[in-house]
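Everything below concerns the one structure shown next.
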């Protein structure tokens, strides 16, 4: 019969200690800190805040409108027709061939689909894989800031160190002397981004020539993040690293289907690199994910082969519409975005709050979520700038600006 004495015996201190020992061992276990970033990314934080306060989400870079019906139909057809098993590790041949044909048509560059193109689950994955393929502990990588927030964690997870060089305000041009001064004997790579997230700036041919002159007598590798390459406005053009013969020989060029076809949730991208670099990339890729969503590859191959519409026109109309609306608010636009999904604006006439606090206040009190530009700096540099995503339906943009119009000038 169970009584208090029996219970005391069963649940003795020694017994309880033995029962809890594995728990205490687990909670005291020290796991490695692979990078210096802390907490959850600002994109997740601001999207969650938007949901909490029922705010219009102009923070995270995703469209809120439907993709091309032909593309969604092609995806359904591929799944229905049995294209549901593993694709080749490098990607479906017909998709890689379609990518090569697209670059020949748009840029006049020849890319070997077998030895230079690898299909990936998104461009962020491709960036990490490229870094992993080339970096060793102790290496340095030059990062030009403000920069997409995955770059530095990716570098640090490979045991290397990021060396940051700030862009020049307010136009966010490159300080080439600062880049030159940042190079040391440990510099393994430079990562660049054009069209630029978050600022919408784009590189000229002269920028590429400057970079080539700086790295000419070195073994420095270039990572060219060109995910917004088809979203360039006002009659300007994107210059891809693949057009620069000298730089192409030392570059990984990284792309996203999601930013071109407004299907960010598919997480589809690709890497173009010289054969030796591609071999190194695939040595890592085969043990990370091995292969990528097969029906989506079939759908994209079909769509890419048939699609000839100028993709940038839709997004420029959205940018122009948003800028026109924003002119009736207290926000200041120093320069219209020349590319990408994003427009940076200053709130200097509205508030003296730090930009993260201002973005949170704007979400809570006025129902519009944005991204503070300090999140793109490793040191949290403050310039009273926030980033809007204009890749939205016109009614979404109009509704957001109606809320922004209610904000007055700071007293």
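Annotations
- Failed condition for residue 80, given (1) free of Cβ contacts under 8 Å to residues at least 60 places away in the same chain; (2) under 22 Å from residue 265 (Cβ atoms); (3) crowded, with 20+ Cβ neighbours inside 10 Å: (3)
- Among all positions in region 222-241, there is no residue which is out of contact with any strand residue (DSSP E or B) (no Cβ under 9 Å at 6 or more places or on another chain) and assigned to a helix (DSSP H, G or I).
- Test: residue in region 106-114 that is in a helix (DSSP H, G or I), surrounded by fewer than 17 Cβ atoms within 10 Å (Cβ to Cβ) and either touching a strand residue (DSSP E or B) at 6+ places or on another chain (Cβ under 7 Å) or assigned by TED's automatic domain parsing to the domain that holds residue 275 (or both): yes
- Looking at region 246-331, the helices (runs of 4 or more DSSP H) lying wholly inside it that each contain 2 or more residues that are under 24 Å from residue 82 (Cα atoms) and either touching a helix residue (DSSP H, G or I) at 6+ places or on another chain (Cβ under 7 Å) or in the same structural domain as residue 234 (by TED's automatic domain parsing) (or both) sit at 258-261, 294-306.
- Flag for residue 394 being in contact with a helix residue (DSSP H, G or I) (Cβ under 8 Å, 6 or more places away or on another chain), surrounded by 15 or more Cβ atoms within 10 Å (Cβ to Cβ) and modelled with pLDDT of 95 or more: no
- For region 337-355, taking the residues that are without any contact (Cβ under 8 Å) to a residue 60 or more places away in the chain and not in a loop (DSSP other than H, G, I, E, B), the one that is farthest from the chain's Cα centre (by Cα) is identified as 346.
- Residue match in region 51-63 (condition: surrounded by fewer than 18 Cβ atoms within 10 Å (Cβ to Cβ), part of a helix (DSSP H, G or I) and not assigned by TED's automatic domain parsing to the domain that holds residue 244): yes
- Any hit, region 177-187, residues being within 20 Å of the chain's Cα centre (by Cα) and in contact (Cβ under 8 Å) with a residue 24 or more places away in the chain: no
- Some residue of region 12-28 being within 30 Å of residue 278 (Cβ to Cβ), modelled with pLDDT under 95 and not in a helix (DSSP H, G or I): no
The values are calculated or read from the model by the stated rules, or taken from the named source; none is laboratory data. Just so it is clear, the model here is predicted, and its values are computed rather than measured. With ideal geometry, Cβ positions are generated from the backbone for all residues, glycine too; neighbour counts draw on all protein chains shown.
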